[in-house]
Amino acid sequence: MNPLQLTLAIDEFLARAPSPGIARPRRIFCNRNLRMSNIAWVGFDMDYTLAIYNQREMDELSIRATIEKLVARGYPEFVRSIPYSTDFPVRGLLIDKRFGNVLKMNRYKFVTKGYHGLRELPKDELRELYHSKKIRPATPRYHWIDTLYALSEAALYAALVEAMEKRGLAIDYAKVFTDIRESIDEAHRDGTILETVAADFPRFLNKDHELAPTLHKLRSAGKRLFVLTNSRWSYTDDMMSYLLDGEMSEYPHWRNYFDVVVVAATKPAFFQERRPLMMRDGEKLHPAGAPLERGKIYEGGNLLDLERALGAVGDEVLYVGDHIYGDILRSKKESAWRTAMIIQELEGEVLAHDSCRDDFVRSENLEDGRDRLEDELRFYQTRFKDLSRRIDHAHTHARPNGFDVGEAEAERTRIKRAIDRVRGRLRLVDVELHAIERRIDQRFHPFWGSLLKDEHEQSSFGSQVEEYACLYTSRVSNFLSYSPQQYFRSPRDEMAHELA
């Protein structure tokens with residue numbers, strides 16, 4: 001070794017107490033390495049991304065509006081007073097419109113939990129209904145609850161199934177869900193929901209005062225920013241004005257933060273179809289020219305035309321959104337855009353995960369012990385079978401020299417007791433592991449457990465996050481704690497045989 005070469009005290013460095021760093025609930029987590037220095041454009045969805053809604057208030061508003069539409073469709077008056085729980089649903093659930101069940105699956109499309117109304121389906125019922133053949137979520141029988149916007153649909157569906165069956169009413173599960181979907185869409189189209197929200201933003205939005213400095217930091221580092229939202233222009237303007245106007249003196253109006261604004265984008269069709277990109281002039285629309293003008297408002301469009309107008313190669317664009325299908329999956333499947341997913345629930349997920357550390361350690365120790373017990377059980381079972389064969393042979397044939405049948409039978413009895421003892425210990429381990437799993441689930445969500453996991457497996461939702469989101473975090477302003485040139489590195493991906 002060169003004596004002049006600088007050596008690092010690696011052991012000493014690793015042994016130091018960790019620096020304060022970024023609190024885990026506010027961190028940005030990485031699935032695929034991403035160098036922000038390679039990103040020229042950062043695009044943002046608006047709803048549930050730049051605009052973080054008060055979920056409980058939004059669910060209450062959506063449910064009440066939907067109930068009124070259902071009554072207008074001929075549903076009985078009692079539905080106005082049925083009990084419902086906005087705490088019931090999470091993202092990533094699957095509605096089974098044939099049997100009226102709400103389901104959670106793991107990454108392998110295996111149903112692990114389910115409710116009929118608010119009654120939890122026992123394991124044997126789940127097995128009978130869903131484990132004999134592969135679930136095909138893309139068929140008309142099923143409907144994904146994959147956005148925060150859709151949580152109210154699942155909450156009201158479970159409540160209606162429960163209330164109607166308690167009254168002994170005949171129920172067409174598929175029709176009820178279709179009526180709910182159409183009613184909530186109608187409430188959005190006719191302004192029942194959006195006008196109520198726009199009239200009282202402080203009630204329905206959690207305003208993040210770190211959003212403006214975050215956008216400013218990205219711009220100051222040379223990034224160019226755009227908005228790509230499905231919302232219409234009037235609502236977008238009202239919303240963004242509330243979020244950003246007056247937040248920083250350098251930006252008199254919210255549009256000053258962005259180089260390009262595209263509204264009414266109709267994602268996910270934006271990523272697949274070739275709708276023309278139009279420029280808004282008052283209430284009129286004209287075909288957009290090139291290059292796109294800062295301060296102008298554009299509507300519609302498509303992926304290829306926008307990339308061409310931005311002058312950016314696909315992987316120079318980072319798109320930040322909240323919707324697995326509309327924002328993340330389609331942008332990842334149809335383009336080379338890098339993706340960041342906003343998971344509003346993530347802060348609670350991280351806190352719940354950290355509160356379970358002792359249970360995770362205990363569970364891991366129990367599982368290691370179970371492996372050892374199963375090895376011990378196999379040893380005794382093999383010994384028991386071998387002795388049984390030799391004893392049976394001795395009873396039916398000439399006794400081998402030196403083989404004492406009485407001693408062998410006594411040994412076999414001792415081994416049988418050992419087998420029973422090990423099996424008893426395994427049952428106790430399984431009981432404790434089951435209790436720990438239930439306790440962990442309760443810390444995350446009283447009905448469904450973790451949003452992103454299902455026991456040792458990823459949930460279906462968690463699997464989609466890992467597959468399609470390069471980065472994921474709880475809010476856009478978490479980027480404020482990182483360098484705009486940050487190199488995000490994913491953890492090492494280990495297969496089962498690589499684990500200790």
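Brief remarks on what is shown
- Residue under evaluation Ala336, criteria (1) of a type outside the set (S, T, N, Q); (2) in contact with an Asp or Glu (Cβ under 6 Å, 6 or more places away or on another chain); (3) modelled with pLDDT of 90 or more, criterion not met: (3)
- Options Glu349, Glu367: the member that is assigned to a helix (DSSP H, G or I), surrounded by fewer than 17 Cβ atoms within 10 Å (Cβ to Cβ) and not aromatic (Phe, Trp, Tyr): Glu367
- Unique match (being surrounded by fewer than 20 Cβ atoms within 10 Å (Cβ to Cβ), among the polar types (S, T, N, Q) and farther than 30 Å from Ser241 by Cβ) among Thr147, Thr196, Thr178: Thr178
- Cβ pairs under 7 Å, 6+ apart, first in the stretch 71-91 and in contact (Cβ under 8 Å) with a residue 24 or more places away in the chain, second assigned to a loop (DSSP other than H, G, I, E, B) and surrounded by 18 or more Cβ atoms within 10 Å (Cβ to Cβ): Phe88/Phe447; Val90/His445; Val90/Trp448; Val90/Leu451; Arg91/Asp146; Arg91/Leu451
- Which listed residue, of Asp172, Asp146, is under 22 Å from the mean Cα position of the chain (by Cα) and acidic (Asp, Glu): Asp146
- Meets criteria (among the aliphatic types (A, V, I, L, M) and touching a Leu at 6+ places or on another chain (Cβ under 6 Å)) for Val260: yes
- Pairs where the first residue, in the stretch 202-225, is closer than 16 Å to Tyr48 by Cα and the second is among the basic types (Lys, Arg) and crowded, with 18+ Cβ neighbours inside 10 Å, C-beta under 7 Å, 6+ apart: Asp208/Arg475
- In the stretch 271-314, residue surrounded by the most Cβ atoms within 10 Å (Cβ to Cβ) [restricted to those that are within 30 Å of the chain's Cα centre (by Cα) and touching a residue at least 60 places away in the same chain (Cβ under 8 Å)]: Leu306
- All positions within the stretch 310-325 that are part of a helix (DSSP H, G or I), touching a strand residue (DSSP E or B) at 6+ places or on another chain (Cβ under 7 Å) and of a type in the set (A, V, I, L, M, F, W, C): Leu310
- When the stretch 173-189 is filtered for residues that are touching a helix residue (DSSP H, G or I) at 6+ places or on another chain (Cβ under 9 Å) and either charged (D, E, K, R) or over 17 Å from Lys69 (Cα atoms) (or both), the ones remaining, listed by number, are Tyr173, Asp179, Arg181, Glu182, Glu186.
- Per the conditions (1) out of contact with any helix residue (DSSP H, G or I) (no Cβ under 8 Å at 6 or more places or on another chain); (2) modelled with pLDDT of 95 or more; (3) not hydroxyl-bearing (Ser, Thr, Tyr), the sole criterion not satisfied by Leu480 is (1).
- Note on the stretch 199-213: among residues that are under 16 Å from Arg56 (Cβ atoms) and out of contact with any helix residue (DSSP H, G or I) (no Cβ under 8 Å at 6 or more places or on another chain), the one that is surrounded by the most Cβ atoms within 10 Å (Cβ to Cβ) is Asn206.
- Looking across Asp259, Asp281, Asp238, Asp305, one residue alone is in contact with a helix residue (DSSP H, G or I) (Cβ under 7 Å, 6 or more places away or on another chain), on the phi < 0 side of the Ramachandran plot and not assigned by TED's automatic domain parsing to the domain that holds Trp144. It is Asp238.
- Residues within the stretch 45-84 that are in a strand (DSSP E or B) and touching a helix residue (DSSP H, G or I) at 6+ places or on another chain (Cβ under 7 Å), tallied: 2
- Failed condition for Arg127, given (1) free of Cβ contacts under 8 Å to residues at least 24 places away in the same chain; (2) at positive phi: (2)
The values are calculated or read from the model by the stated rules, or taken from the named source; none is laboratory data. Since this is a predicted model, take the numbers as computed values, not measurements. Quick reminder, even Gly has a Cβ in these numbers, built from the backbone with ideal geometry, and neighbours come from all protein chains shown.
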